[in-house]
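Worksheet: the structure to be examined is printed underneath.
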Amino acid sequence: MGVMHIPGHDRQKPREVSLDEIRDVMGDCRLCPLYETRTKIVFGVGNPQARVMFVGEAPGRNEDLQGEPFVGRAGENLNSILALAGLKREDIYIANVLKCRPPGNRNPRPEEVLACSPFLREQIRSIWPDIIVTLGNPATHFVLKTEIGITKLRGRFHQMGHFVVMPTFHPAAALRNPAWQELLEQDFRMLGDYLARHPKDGSVIPATAHSDALPRVEE
């Protein structure tokens, strides 16, 4: 099965391929052994014109059963803090690096990421968000092409190619660590401030609390 590739253009959105077309290409994907243990493919959900796209690691048990990302306790946590950024669930798009649940919620294997990641790349190209929010280390490492830990990367924005990227803690991990939850909420407030200062019309309102500097990630 082939995967579509859409060439990018400097600062311009590529020729649009719809999310439905990408899902059709994915079909009953069997590119890696995870198809043998999944219940449902968890493709992604949300606004196809979202300004903010959230990228997680992989589906968990609830996501695997329902076929939708972030529907368990992690999803409840995410929903509760979106308001800190002035967002609602219907405003955003959410997808994972992997579309099938790894058994026992283990970390994704490199060969699984290699097989599945082209679909995420096409989702990003289709949506062309203003900001990509990476949730946790695996998603951050994939999007920013770095091995630097999330605790060092969070708290600021990074420029990666065409996109502004905001790494932060995964909502599931934050539920287990109150200090991380507090930092996660700080990051969402920072996200809301950025969105408020960068309206859709492309103008920039002077910063009040955060710098516009967007460092490039160095490995």
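The values are calculated or read from the model by the stated rules, or taken from the named source; none is laboratory data. As the structure is a computational prediction, the values presented were derived from the model and not from experiment. Cβ: placed from backbone, ideal geometry, glycine included. Neighbour counts: every protein chain shown. Ligands, DNA and RNA are stripped out before the accessible areas are found, and what is left, the full protein with its side chains, is counted by its heavy atoms. Shrake-Rupley method; radii C 1.70, N 1.55, O 1.52, S 1.80 Å.
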TODO: Among what's in the range 73-84 and is of a type outside the set (S, T, N, Q) and open to solvent by 10 Å² or more (accessible area, probe 1.4 Å), pick the residue that is farthest from M190 (Cα to Cα).
DONE: R73
Task: Pairs, first in a helix (DSSP H, G or I) in the range 52-66, second acidic (D, E), C-beta under 9 Å, six or more apart - done: N62/E68
- [ ] Could you grab me the full set of residues in the range 91-102 that are out of contact with any Asp or Glu (no Cβ under 7 Å at 6 or more places or on another chain), of a type in the set (V, I, T) and in a loop (DSSP other than H, G, I, E, B)?
- [x] I92
Task: Members of the range 37-58 found to be within 9 Å of the chain's Cα centre (by Cα) and open to solvent by less than 20 Å² (accessible area, probe 1.4 Å), listed by number - done: V52, M53, F54, V55, G56
TODO: Among the helices (runs of 4 or more DSSP H) lying completely within the range 103-184, list those that include at least 1 residues that are open to solvent by 10 Å² or more (accessible area, probe 1.4 Å) and polar (S, T, N, Q).
DONE: 137-144, 150-153
TODO: Note down all Cβ pairs under 7 Å where the first residue falls in the range 147-166 and is touching a residue at least 12 places away in the same chain (Cβ under 8 Å), the second is crowded, with 17+ Cβ neighbours inside 10 Å and of a type in the set (G, A, S), and they're at least six residues apart or on different chains.
DONE: I150/G136
Task: Matching residues in the range 59-72 - criterion: being open to solvent by 40 Å² or more (accessible area, probe 1.4 Å), of a type outside the set (S, T, N, Q) and more than 29 Å from K200 (Cβ to Cβ) - done: R61, L65
TODO: Give me the pairs, please: first residue somewhere in the range 11-23 and basic (K, R) and modelled with pLDDT under 95, second residue anywhere and open to solvent by 20 Å² or more (accessible area, probe 1.4 Å) and part of a loop (DSSP other than H, G, I, E, B), beta-carbon distance under 8 Å, and either six or more positions apart or on two chains.
DONE: R11/H162; K13/W128
- [ ] Scan the range 97-117 and give yes if some residue there is in contact with a strand residue (DSSP E or B) (Cβ under 7 Å, 6 or more places away or on another chain) and not hydrophobic (A, V, I, L, M, F, W, C), otherwise no.
- [x] no
Open item on the list: For a quick check of your reading of the model, give me the residue pairs whose first member lies in the range 126-142 and is closer than 15 Å to H158 by Cβ and of a type in the set (D, E, K, R), whose second is open to solvent by less than 40 Å² (accessible area, probe 1.4 Å) and at pLDDT 95 or above, with beta-carbon atoms closer than 8 Å and at least 6 apart or on different chains.
Closed with: D130/V52; D130/V164; D130/L195
Open item on the list: So, F169, is that one in contact with a Leu (Cβ under 6 Å, 6 or more places away or on another chain) and under 17 Å from N96 (Cβ atoms) or not?
Closed with: yes
